[in-house]
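See structure below.
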Amino acid sequence: MEPYSTISVVIPYYNEAGFLPQTLRTILDQTRRPDQLVLIDNGSSDGTEDLCRALLEGCAIPEILFLRESRPGKIFALEAAGPWVTGEFVAFADADIQYPPRYLETAERLFRTAPPGTAAVMALYLHGAAGEMPGLLYRLVMPLLSRIFPTKCLTGGGGQVFRTATFRKAGGFSAATWNYVLLDHEIMHRMFKLGKSRYHPDFWCLHTNRRGSRRSVRWNLWERFLYLYMPPAFLDWYFYRFLGPRLAKRRMTQLSLREQSWNRKVGMPG
């Protein structure tokens, strides 16, 4: 019988009173609840923490930490949360994503049945019902693409679950290493040096369509094309000598992730 594992869930947030409580409800509804929940406030002024405390009071999660990081920027929040993680696996979640009831159960199963050297399991980002045709096709195609591009990140940071020991060995989230958008891709570049990732049609989450424009956080087609087809041996050059300086010139630092002028204030996906 497999030894019991432990899972930490980390959620950084900034002014997410309209979204984070709904996300937390999906965490509370998990068939396999986390052993540790780490919530880190990155300078909110809308009462998000109070709402979360009220919602989580008396819940069955063994350990809940409410942390605060005053330095503005998601990377600083993630960096500050890292040392507090105690789980064998760590799931990084976003404040505006819904996680299906078997999300953590599936992540644990995928790790337990994965080939040796698997460092991460990656949830597919869906923008509609998983059982409808667009969602079904996406769930079938993306795992196949992951085999074609085995050293590339094909999902967002809110769907990444890591083996904690490997994550720490890779250096974790670090503003000194990477202070731009695409944090999810850069951390996976370092994780791929130590292990593999795994995608599966049954491992997915629902992402809200709240961003009216992605211009301030999105790389261009040329940069994405190079990323997909760049040999692994040249990815250090790609991120730190090529992409990083280009993003800096366009002022696409990780503070761009903090801007909410684009926020449509739509509800969570159903």
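When the residues of the stretch 231-249 are filtered to those that are more than 23 Å from the chain's Cα centre (by Cα) and not aromatic (Phe, Trp, Tyr), the one that is surrounded by the most Cβ atoms within 10 Å (Cβ to Cβ) is Arg246. Taken together, the residues in the stretch 45-65 that are surrounded by 12 or more Cβ atoms within 10 Å (Cβ to Cβ) and part of a helix (DSSP H, G or I) amount to 7.
Can you pull out the residues in the stretch 118-154 that are part of a loop (DSSP other than H, G, I, E, B) and at pLDDT 95 or above?
If we filter the stretch 118-154 for residues that are part of a loop (DSSP other than H, G, I, E, B), which is where we start, we get 127-132, 149-154.
Selection gives Phe149, Pro150, Thr151, Lys152, Cys153, Leu154.
Within the stretch 69-79, the set of residues being farther than 17 Å from Gln160 by Cβ and either free of Cβ contacts under 8 Å to residues at least 24 places away in the same chain or of a type in the set (Lys, Arg) (or both) comprises Arg71 only. Taking the stretch 3-18 as the search range and keeping residues that are surrounded by fewer than 18 Cβ atoms within 10 Å (Cβ to Cβ) and of a type in the set (S, T, N, Q), which one is farthest from the chain's Cα centre (by Cα)? Among those residues, the one meeting the criterion is Ser5.
Within the stretch 159-176, can one find any residue that is assigned to a helix (DSSP H, G or I) and among the hydroxyl-bearing types (Ser, Thr, Tyr)? Looking through the stretch 159-176, at least one residue is assigned to a helix (DSSP H, G or I) and among the hydroxyl-bearing types (Ser, Thr, Tyr).
To keep it simple, each residue is scored yes or no on (1) in contact with a Gly (Cβ under 7 Å, 6 or more places away or on another chain); (2) surrounded by fewer than 23 Cβ atoms within 10 Å (Cβ to Cβ); (3) touching a residue at least 24 places away in the same chain (Cβ under 8 Å); (4) farther than 19 Å from Thr31 by Cα.
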{"residue": "Ala81", "(1), (2), (3), (4)": "no, no, yes, yes"}
{"residue": "Trp84", "(1), (2), (3), (4)": "no, yes, yes, yes"}
{"residue": "Gly87", "(1), (2), (3), (4)": "no, yes, yes, no"}
{"residue": "Pro100", "(1), (2), (3), (4)": "no, yes, yes, no"}
{"residue": "Tyr103", "(1), (2), (3), (4)": "no, no, yes, no"}
{"residue": "Glu108", "(1), (2), (3), (4)": "no, yes, yes, no"}
{"residue": "Ala114", "(1), (2), (3), (4)": "no, yes, yes, yes"}
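Which residue is nearest to Leu24 (Cα to Cα), if the candidates are limited to the stretch 89-98 and must be in a strand (DSSP E or B) and among the hydrophobic types (A, V, I, L, M, F, W, C)? Among them, the one singled out is Ile97. A search for C-beta distances below 6 Å between a residue of the stretch 17-38 that is touching a residue at least 12 places away in the same chain (Cβ under 8 Å) and any residue that is polar (S, T, N, Q) and part of a helix (DSSP H, G or I), counting only pairs 6+ apart in sequence or on different chains, returns Ala17/Thr48; Leu20/Thr48.
Exactly one residue among Ala95, Ala91 is closer than 21 Å to Thr208 by Cα and touching a helix residue (DSSP H, G or I) at 6+ places or on another chain (Cβ under 6 Å), and that residue is Ala95.
The values are calculated or read from the model by the stated rules, or taken from the named source; none is laboratory data. These figures come from a predicted structure and were not determined experimentally. Cβ coordinates were reconstructed from backbone atoms using ideal geometry, including for glycine residues, and neighbour counts include every protein chain displayed.
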